[in-house]
Structures are given as C-alpha cells and as structure tokens.
1. Please tell me which of these pairs span more than 24 angstrom C-alpha to C-alpha: Lys68/Lys132; Lys75/Lys161; Lys82/Lys165?
2. Cα to Cα, under 14 Å, and not fewer than 8 places away if on the same chain: which aspartates and glutamates meet these conditions relative to Lys201?
3. Could you derive backbone 3J(HN,Hα) for region 116-127 from the dihedral phi with the Karplus parameters 6.51, -1.76 and 1.60 (θ = phi - 60°), listing whole Hz in sequence and x where the residue is Gly or Pro?
4. Under the rule of at least 5 residues apart or a separate chain, name every residue whose amide H is placed under 5 Å from the amide H of Asp182.
5. So how much slack lies between Ser203 and Lys152, counting 0.36 nm per residue of separation and subtracting their Cα-Cα distance, in nm?
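Just so you know, all these numbers are worked out from the coordinates, no wet-lab data involved. Source: prediction; values computed, not measured.
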Amino acid sequence: MARRTKILLFLTSSILLAAIYKIGCSKYFGAHNDSSAVFTAKKTVCEQRSAEGEDKKSYNSIAVIDLKKVAVESKAGKYIEKRIAEINDVSKKDLLDLENKIKSMDTVKSSEADTRKVEDMQLILYDMVRTKRYQISEAYKKAITVLESEIKKAVSYVAEKNSIKTVFASEAVVYKSKDCSDITSQVIARVNEICKEIDVKLSNE
C-alpha cells in the first residue's frame, strides 16, 4: 500500500512539473504542415534567370512568407499566447493547491481509512491534471485554427493586391533571388487589421 502511495505521488508530482503546457505559436507553425494551405509547398527554387531570356515579371508574381513570424508577431497570435498563459497559471495554481492539501493529509493519516482517502484524492488529482491538459491543448488548437484561417485570408488579400500568383512558405524555399518578394510584414499588418483578438475557451468536458 505504501509503495502504491509513493508511485502515485511521483506520478502526480511529475505531471505537475510538466504542468499544464502551452504550445508556442512558432512551434505550432514550424511542425504544422497543412498540404491544403494555399501558402504551403514542398522545397522549391525561386530564382531569377533573366540572362537566359526568362520574363523577369514572372518572378514578381512569386512571393514568400514567414508563417512563424506572422503567428508570433500578429496581435491575434500574441493574444492567444497571453490567454493560454493566463489559463495555464490559474489551472496550475488550483492543482498545486490541491496537491499541497493531499500532502498535508498524507502527513497526518493515522489509519487505513485515512491512507485510502489520500490515495483516492491522489487519483482525483491525477485525473484533473490530465483533463486540464487536454482542455487547454484543445482550446489552443481551436484558436490556432482560427488564426491560420485569418492568415490565409490576409495572404490572399496581399497577393491579389500586388498581383502575386503564388506564395510559398519561406521555410520550404531553398533559394530565392532579390526579386522574389517577401510579404511577411504586409500579411502581419493585414492580419492586425482584420483580427486583433481570438477567443480562447476551455471546454467543459
């Protein structure tokens, strides 16, 4: 019984050390490869070969964008990070308060019934941690999905405004010439115009 108690304490403490986590926008967009995204592509080369007789104007119809930078520096992206941090801090405090209460109960237990009660509370805490991690993760994913949609709208707007026909994610480009436009700053400005905040809500499940 004592061994089970120690194992449960180790599990709950380990999870709380990892705590309720947040996925940074830069990490999300770095690992998130949506093949349906209009601005995502495999490795490509954007270079000028006017000396070979190719039309220089065609290169001006191709642009690149740093999606990580848009996600991190846009007002909506910063707001999501702020809300996740706030939710994270509140959740962590509540769970740590419960853990400290369980530790106090564990030090004064005097019977088998008290031991079982402590172990039951530890299992409740363990389940609460898992649930809260899931809720925050899902809330973040939903908010990022909305942000990604707004970024796509902004990319389309900037591209059409500048007669750009193709936009590649800069992390997928192995080379680009000086004539290949980078529309990152323009897209950030457009996202800030159409979407300053994206709500982050936890589900009740």
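1. As for pairs spanning more than 24 Å Cα to Cα, those are Lys68/Lys132; Lys82/Lys165.
2. Cα-Cα hits under 14 Å: Glu81, Glu86, Glu138.
3. Those phi angles translate into 5, 5, 4, 5, 5, 5, 5, 5, 5, 4, 4, 5 Hz.
4. Placed amide hydrogens put Val64 under 5 Å from Asp182.
5. Details: separation 51, 0.36 × 51 = 18.36 nm, distance 2.61 nm.
Result for the pair: 15.8 nm of gain on full extension.
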